[in-house]
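Notes for the one structure printed next.
The values are calculated or read from the model by the stated rules, or taken from the named source; none is laboratory data. Bear in mind that the values here come from a model prediction, so they are computed numbers and not experimental data. Backbone-built Cβ (ideal geometry, glycine too); neighbour counts: all protein chains shown. Surface areas here come from the heavy atoms of the whole protein model, side chains and all, with no ligands, DNA or RNA. Shrake-Rupley method; radii C 1.70, N 1.55, O 1.52, S 1.80 Å.
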Amino acid sequence: MVWGQTSSRGIEDLVARLKADDSSFNALHIMKHRRLNYEDVVILTEALKLNKNLHELISINHTIDCRSAELFGSMLSSNSSLNTLSIGDNRFGDEEIIALISKVDKNNGLEQINLEGKSLGPIGAAALGSSLHRFSRLFALTLSGNRRMGDDGVASFFTACASAAKEPLALRRLELCRLELSSNGLLKGLQFNGCAANSGSAFENIETLDLSCNTLGVGAQCDAFEALLVSMPALQDIELRDCGLGDAAASGLSSALRKGAGTKLRRLSLAANKISIGGM
């Protein structure tokens, strides 16, 4: 291999281990020097449909197009042993996530999905939100770094989750950092049909929420954070680092706490914000 060039080495050896259901082969990180084209994805996903021992699949340095995304989705409907999934480079966007979830009827294995640093926008976020109820054991979802989502994307995601879920989602940890999210977008998402409490039917199991490095200092901070604690009553840990928050946010959190919301809250990080001593 010449330095700086990508190797054309395929994944046949990895697929062979998957087909053999090697009990020591529990995690697969497909590195950049490996080839992963559509034909490779075909043999990889076919092997995974029958594999019982692989628990973690990570491939974040390869382009996953819509055809390949559909194959991963079909695989997830058959595989119940894989519990952690992170695929696609930073070009993985709305069309790809829609293609993937369109092929998932139901999945009882995945516990963590990491979609950090992709290109999801409002359309993809809404499609993902409407499908989460199909993942019965999914407790952790990372959407951080999808800056195309913004206010509309987060609002669409929350609203789609609440609309599609007939019972509370399994989600316990949600990471929404670096999304260009303002307090207005957060409030819009939580006020499903004008009632923040209505969203609680979908989000009442969330215990950890990371909203760091957003623009939450812009907009209706007081109302947004009061709605947050009401709609996610199980919250124990909230990370709001470097969000440009001011005294209005502290007032909203205090108001909600005084009204009895946030009774399970154990940790609240407000580091690197603009809250005054008086606001605290």
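Taken together, the residues in segment 159-183 that are over 21 Å from SER86 (Cβ atoms) and out of contact with any Phe, Trp or Tyr (no Cβ under 7 Å at 6 or more places or on another chain) amount to 11. Of all residues in segment 98-129, those being of a type in the set (A, V, I, L, M, F, W, C), part of a loop (DSSP other than H, G, I, E, B) and over 14 Å from the mean Cα position of the chain (by Cα) number 1.
The residue list LEU82, LEU76, LEU132 contains one member that is modelled with pLDDT of 95 or more, part of a loop (DSSP other than H, G, I, E, B) and of a type in the set (A, V, I, L, M), which is LEU82. Within segment 69-85, count every residue that is open to solvent by less than 10 Å² (accessible area, probe 1.4 Å) and touching a Ser or Thr at 6+ places or on another chain (Cβ under 8 Å). Number of matching residues: 3. Considering segment 166-198, the residues that are open to solvent by 70 Å² or more (accessible area, probe 1.4 Å), assigned to a loop (DSSP other than H, G, I, E, B) and touching a helix residue (DSSP H, G or I) at 6+ places or on another chain (Cβ under 9 Å) include one that is modelled with the highest pLDDT, namely GLU180. Put simply, of LYS274, LYS264, LYS259 the only residue that is more than 22 Å from CYS213 (Cβ to Cβ) and either modelled with pLDDT of 80 or more or among the acidic types (Asp, Glu) (or both) is LYS264. Contact map, segment 36-57: first residue farther than 14 Å from LEU14 by Cβ, second residue open to solvent by less than 10 Å² (accessible area, probe 1.4 Å) and part of a helix (DSSP H, G or I), Cβ cut-off under 7 Å, separation 6 or more or different chains; pairs are TYR38/SER68; LYS49/MET75. On the given criteria, is SER201 over 11 Å from the mean Cα position of the chain (by Cα), open to solvent by 10 Å² or more (accessible area, probe 1.4 Å) and more than 25 Å from ASP89 (Cα to Cα)? When the stated conditions are applied, SER201 passes them.
Restricting attention to segment 230-280, and to residues there that are of a type in the set (D, E, K, R) and touching a strand residue (DSSP E or B) at 6+ places or on another chain (Cβ under 8 Å), which single residue is most open to solvent (accessible area, probe 1.4 Å)? Among those that are of a type in the set (D, E, K, R) and touching a strand residue (DSSP E or B) at 6+ places or on another chain (Cβ under 8 Å), it is ARG266.
Within segment 85-97, the set of residues being acidic (Asp, Glu) and in a loop (DSSP other than H, G, I, E, B) comprises ASP89 only. Within segment 223-260, being assigned to a loop (DSSP other than H, G, I, E, B), within 19 Å of LYS188 (Cβ to Cβ) and of a type in the set (Gly, Ala, Ser) holds for one residue alone: GLY244. When residues in segment 133-165 are screened for being polar (S, T, N, Q), within 14 Å of GLY185 (Cβ to Cβ) and either open to solvent by 10 Å² or more (accessible area, probe 1.4 Å) or without any contact (Cβ under 8 Å) to a residue 12 or more places away in the chain (or both), 2 of them pass.
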